[in-house]
Amino acid sequence: MNILTQIYYSGKRILMDPKPIFVRLLSFMVIILILGSAFKDQFNVTSLDKVKVVYSNKDSGPLGKLFINSMIGSQDIKSLAEFDQVHSLDEGREILNNDEADAFIYIPDGFSNQGETEGTSKTVEVYLAKSTGVDTTIVRNVVDTLVNDMNTAGVVATMSGDLQVEQANSDTSLKEEPLTDSKSATAMGYYAIAMLLMFLLRGQEYGASGMGEDYLGTVGDRLKLSPIKPFEQYLGKTIGLSLVTFLQGMVIILFTKYVYDVDWGDHFAVIVLVVFVFSLLTTTLGGMLTILTQDSVKADSIANIVTLGSTFLIGGFVIVDFGAFAAIAPSYYAKSAIFNVVYNDQLGSAFMNIGQMLAITMLFAVISILVSRRKRA
């Protein structure tokens, strides 16, 4: 009951003054509109420059070599793409992660022997580079052309009697492996996600000020003498403040969905879960900063730096990829989860990101409770 009471009054106290909330929400809606409109052209294909494709053939049989030869020998494909060979799957994926190529075509070991079992087919794995705001339509067209070119080569070889080649087709023989998002993000959609996460990061303010009330000053001294357990006090306050941040985040999602026509994917319940868990993370982070610094004002200043730095690292202001370094940003895992749901349809990866956020939240909570008990003693 003590936890429920803390949840109720913590949330009610903030919601009773709706004006600051309304102003903040409105400002973020305007920012999303401005950024989505200003950078719209960066998310559209504006030129037909050649696509860079790297490839690796691990097949020891004749069909892998035939596929590569037909691919790099096609004049039609050469007009759309340029090719470079790499030596391994890891090398090809690393090149994509470094944005040094647009696609990676990988022919696995045993490719020539695939399809011998009834009901199976040969598989060419195609990895698409991370989205940098440019539509991947060109890459997909090149991939389709490659498969069609292989079909043609197979037919010619079969008719000539030089080589028996089983025909591939793009529905069953092509395995696409997008490294991030497979659907094309719009500018409005991209910045709706980025600004949503930045908004949720401001939930640190609630955590910092809320824990400041409970652990610092006169009120904090009184609570130390009260019968409520520190764990109940902390948990109730954290959940209550997180719910306030969560509800505001949902307002942004619903507004952008129905007013700005932003696509939030086909698994809306998972998006809701991501927003709630990330709200918990940001609130516990703000509370931990106050408990560690023993100064809610200083904690709020640090929270501002965290918000701006994290948003920059995940490409929230300017689309940029910091690679593994971006993982130090609290919003990195939330962004990965949302992009996996909206643009990849990969729920497994999204739930892994949610689990990572829960683990980080638990770490912040444990640190806060241990430090607060030491302060009480």
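The values are calculated or read from the model by the stated rules, or taken from the named source; none is laboratory data. This structure is a prediction, so every number in the text was calculated from the model and none was measured. Here the Cβ is made from the backbone with ideal geometry for all residues, glycine too, and neighbour counts use every protein chain on show. Please note that ligands, DNA and RNA were not included when accessible areas were found on the heavy atoms of the full protein model with its side chains. Shrake-Rupley method; radii C 1.70, N 1.55, O 1.52, S 1.80 Å.
If the label point is 7 Å along Cα→Cβ of D99, which residues in segment 48-74 have backbone nitrogen under 18 Å from it? Of the residues in segment 48-74, 49-54 have backbone N under 18 Å from the label point off D99.
For D263, the solvent-accessible surface with a 1.4 Å probe is about 80 Å², rounded to the nearest 10. More than 16 Å apart: what percent of Cα pairs in segment 280-342 qualify? The share of Cα pairs beyond 16 Å in segment 280-342 comes to 50 percent. In segment 241-334 the Cα-Cα distances spread across 5 Å bins starting at 0 as 2, 12, 17, 20, 22, 16, 7, 3, 1 percent of all pairs.
Please give me the summed charge of the neighbours of A327: other residues whose Cβ is under 13 Å from its Cβ, Lys and Arg +1, Asp and Glu -1. Local charge sum for A327: 0.
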